[in-house]
Structure formats: structure tokens, C-alpha cells
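In what follows, a structure is listed as C-alpha cells, so that the remarks can point back to it.
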Amino acid sequence: MTGSNEFKLNQGPDDSISAVKFSPNSSQFLLVSSWDSSVRLFDVGGNSLRIKYMHTGPVLDCAFYDPTHSWSGGLDCQLKMHDLNTDQDTIVGAHEAPIRCVEYCPEVNVMVTGSWDMSVRLWDPRTPCNAGTFTQPEKVYTLSVAGDRLIVGTAGRRVLVWDLRNMGYVQQRRESSLKYQTRCIRAFPNKQGYVLSSIEGRVAVEYLDPSLEVQKKKYAFKCHRLKENGIEQVYPVNAISFHSIHNTFATGGSDGFVNIWDPFNKKRLCQFHRYPTSIASLAFSGDGSLLAIASSYMHEMGDISHPADAVFIRQVTDAETKPKTSHVGEEPLQIDMNSSIANTHVQPWTDVYLHSADDGQTLTARVFVLNPRGFNVQSMSDHKEQQHCESCVSLKPDYPEFLTEFPRLSHPRRKARRV
Amino acid sequence: MRPWTQMPANFFHRSVRYAVYLLHQLRMAEGEMEWELCKENIQPLRRGRAMSALHQALNQQQEGIASAINQQKQAFELELRLYDGDDPLDVWDRYIKWVEQTYPQGGKESSLTVLLERAVMKFTEEKKYYNDPRYVDLWIKFTQSCSDSLDVYRYMQAQGIGAMQASFYIAWSEEYENRGNSRMADSIFQEGLKCGAEPLNRLRQFHKALQARVCRQMMTSSINQESDDEPPEPQRSSLAELKATGKKKSVAPFNRVAGNVGYARGLEFKQPLGPSQNSRLVIFDENKEHAEPQELRETWAAHPTNKAKENEQKHDKWSNAKLPQKSRFGHSVVAPPPKPNFQPFVEESDQPPAVTPCKINPTVNTILSARKPRNEDQTPLKTLQERQQHMQLQQEGEDKSGEKSMYCKQLLFSGVSEFSFEELRAERFRQKCNQKPEAATCNTNSREEEPHTSQND
């Protein structure tokens, strides 16, 4: 079953796997938390277990603070910090109920935990100590960090967006756009939105910007459903993980499948083979070359016999994770883009040659990436904004980086915008 | 001592009341008067309230931290899901009683109506509960939260739920009586007697009481009709001026229709009885020549539970109503209130008040928290019937939607709040851990254990 591009981790957990997380700066180390009360650190390259430490109860989530410190929490309600170099435990604090999720926010340098005690707590990882408790309306089921914003998914299908720099009030209160229980929320690496999955085979792509124009772009789709004897079997979608470079994401369901999606073209990029049992957790490595897949029964159907739990490491290629480019406009392109285009991740602009169809003139222009709704065209020659160019700008979509920055540049005559 | 069935029906009631009174005196003496201060927020219960529970509930709510309540609620919810004995109704019954006592002001947060609905629906297939007083009791409580309660009673009768329970007939007849239809109320009692509902004594007693009330009413209304020459139909015409009627041209009718007093249901029903049926106030009329000292009639207290579901639209007239405009996003936008056509006077020196920071931009809120409007036609009864059809289809192995959820849905969404797989599993894990110290030989596979224990019970 496991091909050359995939292998199973040895010495895996003895019970269900709750979470897998890659080290922030290398794809060599993988943290795995489990219901057998352990957190394990694996050397993925060598396929060996490096360190294992125990909680007093099943562990529900874990996260890296830095490459040498892991944080974890679970049914024992305690939040533990573990030094992976010295193999030393520190109990940082506790919730009143089991801790369901642990995340790290590098922008604000704070650890975030969500619990069934209907609260989110922040922890200062340097001291380490509690930096605040924030009551949520319901039990916290999932949370994700997008820049300095915190997206919390709770029972009752609620979604709350907090600003980690100002936790005085809830920035946005939302209701999940899906009809059933929220299973997982993960933020886009570009921090513009998040993906939410539900217990009944559906995934929603939503945007944080509350303006109508942006909100219009949100959508949801069905997935992780299998047709059997004419009856559609709908499975929970338990796991989401984003590819940090391409802004595409993988979803894992209780049907044992992993799909990779291109949220901009609304296409499925690929589907892997069926894993032995439910996908409990997924993690792309930081460079996006590896995908850790936890195949582990989550007791969705009660306590029944099930295949063994295992973590698979799969090498993924650009073909599987890069958005497919396609012509976005039907009209002939009016501007040719020079191939010497700069990577928009490095610079916030890119240089293009504009060719006017009317009088045959060619201009050099600089396209600035300003916000997801539009871009700015500036002539290099006189550094004045060229209004007449803006009306006919369209993208030759050979540059996937562009698509990741402009998810909705589908209209060829879309007006560029000055800010 | 007599057996309890032969006690006067209100014996318990009276003794409990007395106990409450004594307790009250005691508390007052101690200076604990909190519940006196929030009496308005306490919903009346048919069975009354335990003073201690009331105290506790009010105290906890004043503190603002309801963590203890939440914990207990959580425990009940878990018990609902993980109970494997042969009397699942027991958990529901205890849970609902606890909710009634713990949330004295009722309302949305107690989610009692949802709970009742779920409880009632849950056991519609369990014939063994049909004449269980607890189940019938749940049904009666449930009907009180429905707008079409008479239909629900009829449904119950058709299904045979509570057909042998006196309390069912009493509640049904009371409902008729409250709507002013004492003939039907009487016939309900007769039906109950014919069926031989238990306890028969109680049924008879309530029947007699009804007859007595009706008699008294007839008498007083006939007296009134003799003494007063008001028009026989006291239906008040709405929004009309109060006109002086009668020979003296000075008596304005102070009658109110029962519907306005006891029932804010929007249901129109005719008032068959005399005009002063609900006039509890005796209005002194100096113009009357022989002001008979009218006896203050003992009127039955209004049904304590006219709480229709909150925050749900009621049926009303549509002919002149305007539909809210749909925005482009499919949910209605509330039209802003019309601007007043006058300029409010503002003193020049007056500084605008400091704006308290708005927690959420309201314009943002409307887009983001899109909630689909609930189907208004959906009465509980309809959902019940639909559910039954659905169950039949499922038994035949055909699901209309052709979808099957691949997880234990009924476990996650059983009570009021939802649970995730992890929570259920965590609870099972905890139970297993607790069993371990007790039984030295802990079977790791609890799945095989559970059915046996339930059978042995």
C-alpha cells in the first residue's frame, strides 16, 4: 500500500492519534499526540522515535513553540511544556475541563489553548505563565491562528474571531455557514480567511474581511462522501492542513481519504489512496514537501473494532499541491506580462510591460500588490498612476503566485484600485 | 393513615405550601429575602418549587458564574448519551425536573422547550412509556409550550399516549376550559371516566370541581344579565372608541375578552359565557340604584403556562404586512426605523455624549452571523408527524434524502447541547478509569460488557 513516496512511521502510538504537527523550521521532526497519554517526537528522515513523554491522561493536541519546545494538553486538563533537548517537563497551568486545542501564534508570541470549559487561555511562552482567560459562548472544539487573529470554533456552530493584540472584545461573532457541527478550522497562510470543515461532509472557505465584496466570495462544497448502493454515505471531515507556500489545503475525512484542494480555482487537485481508517489529523511540513497523515479511528461509530492506528509520511509534489493555472478571461489579453516577473512573496510589486491595443504604445509598469481585491498599476517612467491602463489590466495567468495573491481576479476588465 | 390515593387531591399541595410558608417565615426572620426581590422572574410551576433549589439557583445567577450549573448540565447531557439501563426516560425526567428548578425564570437559556420536545420525540416509539405518568407528564408540559396545544392533545389521544392517565384528561379539559369551552371540557372528563383512567378518584374530583365552577358561572352570569341590560355579545371591537351604553349613558364596558387576559396567543375563539366572566374587579357603579353586594366569585387561576416559544414568529395577519426586503445575500435586512419628521432640540452647549465603544460593528454583524430563518410553518406536531414518516421510511430501508451519516449522530445531538466524538470518548474513558479501582479485573473491551449489564438489570 505504501509506495516509494510514502512510508509508515515506526514505533507509533498505541492508541488513537489526536494530532500531528511538524516542527516550524524543519521537516525532519514531527510531534504526535495520542490517546495513550503520550506525546512523541519522531525523526521523520530517519523514521525513528526520538523522545516520548507522558501526560496523566489522553492528549488531545500538541504544538511546537520553537524547535526545542513542545506544548500539549488533554483530558488531564493540564498544559505541559516539554523541553525536547533536556527532556524536562513543566506544567504551565490548567483549564477547568480537558484542553482540546493548543496553538502557537508567532506574531504575538503567545500560546493559545482552547478547552471544553468554554474558554480560551493565552500563555506567555517565555515565563511561562497564564496571560489571560477569555470566555467563549460554548465549548471550544477547534481554533486556528491567522497572523494576529484567532479564530475559535465552538459547539453550537459558532465561530469567533479575536484580535490577539486586543483581547478586550470579540472582533467578529459568526455562525458557521455549514449546517452541522464544526470539526476543524484552519487559517489560510496568507491570513485572509479560513477553511472550516463540518461533521457532515462539507467544507467552507470563508474570509475575515467583513466587507460585503469580500464576503461575497465565500463558498462551501461537499466532499468526503461515498456512494454505496445508491445511498450517499456522509463522513465527518476531521482534519485540514494548509500548504504554506501555495495556499492550497488538504482535508482528511473519516472515509479514510485525503484530498488536496485549490481554493482559488475551486478545484480538487488530487486524492490519495484510501487509508486504513479515519484521517484524524494532517500536517504539511513547513516547506510543503511532506504531508503527515494520521490514520486513526476516532470512535465516530462508537467503540468498535478498527484497523490499527498509524502515521504515514507522504512526499508531495508541486503537481499535487500547486494550483492549476487556467485562462481566467475569455477576452483576448490586452497586456502582455513580461516573463521576468518577480516573486510577489519577496516584493510587494511586480514589473510588467503594458501594451496598449489602441495606439500600439508600450509602457513599463509596476503592479503593486495591495490587497486581495485589486492592485495598483504605476508607470515606471513618470511614477504617476496611469488611470487609462487600469481599466484594461488583466492577468496572463501563467503566474500561480499571482493567483495565490489574487484569489478572485477572474474578471478580465476588473478595475484596478487606488488605495 | 389513609392510603395516599384517598387523600384529598390537594393534600400534598397544601402541605407543601405550608412547608414553603414556614420556610419562608424562617428565611424572612433570617433576613434572607433574595427571592422576594426577584419574584417577578420566577416562572410558576404546577408542582411548586423547592425552596432550597430556588435559593441556590438565584444565588448562583446573581454571582454570574454558573459553572456549577454548567457542570451539572454537562453531567446530565452525558448521562443521556451514555445511559445503558432499561429506563432511559428516567434520565430525561430527572434532567427536565432539574432544569425547571434551576432556571426559575425559564426563558431561552434554560432551553426547556427544546428539551421537552426532544424528550417527547425520543420515546414516541416506546409503547411501554405510553401510560407512564412521567412520560404523560412530559407531554403535558410540552403541550403548554405549543401554540396548538389542543391538536397535540388530540394527537396524544389518537396515539394512545396517556389514555389511561387521569392527569392527561385533567390537563386537556383544563385547556378547553381556559379557552372557554366548558362543554368540551366536560366531555373530556367523561371520556376519561369511560376509559377508566387512573387514579379515578382524582379524575372524578376534578370533574366535580369543573361542574361546580360552570354552575357558579352560569348563576352569576344570569344574575348579571338580569341586572344589566348590556348587549349579549361582549366581544370588544378593537381600536374603537369606548362608547357609553345603557340607558344612563354613562357606563363604559370594562369587559375584557378572556383571550386578552389569560392567553396572548392570537387565537380567536368565541366567548360563550357571560360578560363578567373575567371581570375580577367589581366596579362600583354609583348610578346603579340598587347596588347589590356582589359576591366575589372564585375564579380559577389562569393557566400558569402560556409561554409560547420565545423569539419565534407568531401567526398573524398577512394582508397588510410587508415582507422584509431580501438583501443580495439571501437574508433579510431589517429596515431602519423611519426618521422622525421633527428636529429634536439640542442645546448648543450640549456636548455629544462620549460614545461607548460598540463591541461589534452592527453593520458587520448582519452579514457575518447569517442565520437562516426557521421554517415558520413547522409546528411541533408537524415535526412529530414528519419524524414518524421518516422513521417508517428508515425501517423500510429507504431514506428519502439518500444520505447516511457515518457517525453516531443521535449520540452527538441527543439533549440540548451537542457533543463531539472526543467528548463522548473522554467520558467513556473516565468511566473506565473509575471502574478500574472498583473492579480489580477491568475488562478493557467495555463494548462487550455493556449489553450484558443492561440485560441483567
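The values are calculated or read from the model by the stated rules, or taken from the named source; none is laboratory data. This is a predicted model, so every value here is computed, not measured. With ideal geometry, Cβ positions are generated from the backbone for all residues, glycine too; neighbour counts draw on all protein chains shown.
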Of A:327, A:299, the only residue that is in contact with a Leu (Cβ under 9 Å, 6 or more places away or on another chain), within 14 Å of another protein chain (Cβ to nearest Cβ) and modelled with pLDDT under 90 is A:299
Selection from region A:70-88 of residues part of a strand (DSSP E or B) and without any contact (Cβ under 8 Å) to a residue 12 or more places away in the chain yields A:88
Residue A:101 fails exactly one of (1) touching a Gly at 6+ places or on another chain (Cβ under 6 Å); (2) over 30 Å from residue A:161 (Cβ atoms); (3) not in a loop (DSSP other than H, G, I, E, B), namely (2)
By residue number, the members of region A:141-157 that are surrounded by 19 or more Cβ atoms within 10 Å (Cβ to Cβ) and not small (Gly, Ala, Ser) are A:141, A:142, A:143, A:145, A:149, A:150, A:151, A:152, A:154, A:157
Matching residues in region B:124-150 (at pLDDT below 85 and farther than 20 Å from residue B:198 by Cβ) number 8
Within region A:216-248, residues farther than 15 Å from residue A:264 by Cβ and among the polar types (S, T, N, Q) come out as A:229, A:233, A:238, A:241, A:244
Based on this model, can you work out whether residue A:219 counts as touching a His at 6+ places or on another chain (Cβ under 7 Å), within 14 Å of another protein chain (Cβ to nearest Cβ) and either more than 20 Å from residue A:145 (Cα to Cα) or surrounded by fewer than 23 Cβ atoms within 10 Å (Cβ to Cβ) (or both)? no
Among residues of region B:167-199 being farther than 24 Å from residue B:123 by Cα and aromatic (Phe, Trp, Tyr), the residue farthest from the chain's Cα centre (by Cα) is B:189
_Here is a check on your reading of the model: is residue A:169 in the same structural domain as residue A:98 (by TED's automatic domain parsing), hydroxyl-bearing (Ser, Thr, Tyr) and in contact with a Gly (Cβ under 7 Å, 6 or more places away or on another chain)?_
no
Of those in region A:1-48 that are of a type in the set (A, V, I, L, M) and assigned to a loop (DSSP other than H, G, I, E, B), the residue nearest to residue A:70 (Cα to Cα) is A:44
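Looking at region B:64-123 only, could you name the residues that are β-branched (Val, Ile, Thr) and not in a helix (DSSP H, G or I)? It would help to see each step written out before you state the result.
We begin by selecting, within region B:64-123, every residue β-branched (Val, Ile, Thr); these are B:65, B:69, B:91, B:96, B:99, B:102, B:113-114, B:120.
Passing the criteria: only B:65.
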Somewhere in region A:49-69, is a residue in contact (Cβ under 8 Å) with a residue 60 or more places away in the chain and not in a loop (DSSP other than H, G, I, E, B)?
yes
If you go through A:225, A:268, A:274, the only one that is of a type in the set (Lys, Arg) and either within 24 Å of residue B:418 (Cβ to Cβ) or modelled with pLDDT of 95 or more (or both) is A:225
Among the residues of region A:144-157, the number that are more than 9 Å from chain B (Cβ to nearest Cβ) and either over 18 Å from the mean Cα position of the chain (by Cα) or part of a strand (DSSP E or B) (or both) is 9
Among B:156, B:164, the single one that is within 20 Å of the chain's Cα centre (by Cα), at pLDDT below 90 and under 20 Å from residue B:89 (Cα atoms) is B:156
Checking A:107, A:96 in turn, the sole residue that is closer than 21 Å to residue B:427 by Cβ, surrounded by fewer than 17 Cβ atoms within 10 Å (Cβ to Cβ) and without any contact (Cβ under 8 Å) to a residue 60 or more places away in the chain turns out to be A:96
- prompt: Can we say residue A:199 is more than 10 Å from every other protein chain (Cβ to nearest Cβ) and within 29 Å of residue A:277 (Cβ to Cβ)?
  reply: no
Considering residues that are more than 8 Å from every other protein chain (Cβ to nearest Cβ), of a type in the set (A, V, I, L, M) and surrounded by fewer than 24 Cβ atoms within 10 Å (Cβ to Cβ), the number found within region A:222-259 is 2
Taking region B:58-109 and keeping residues under 16 Å from residue A:138 (Cα atoms), at pLDDT below 85 and acidic (Asp, Glu) leaves B:109
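Every residue, every condition in (1) surrounded by fewer than 20 Cβ atoms within 10 Å (Cβ to Cβ); (2) part of a strand (DSSP E or B), yes or no:
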position	(1), (2)
A:173	yes, yes
A:177	yes, no
A:196	no, yes
A:205	no, yes
A:210	yes, no
A:213	yes, no
Residue hits (region A:285-313; in contact with a helix residue (DSSP H, G or I) (Cβ under 9 Å, 6 or more places away or on another chain), closer than 20 Å to residue A:260 by Cα and either aliphatic (A, V, I, L, M) or not in a loop (DSSP other than H, G, I, E, B) (or both)) are A:291
Residues in region A:106-136 that are more than 17 Å from residue A:70 (Cβ to Cβ) and among the acidic types (Asp, Glu) total 2
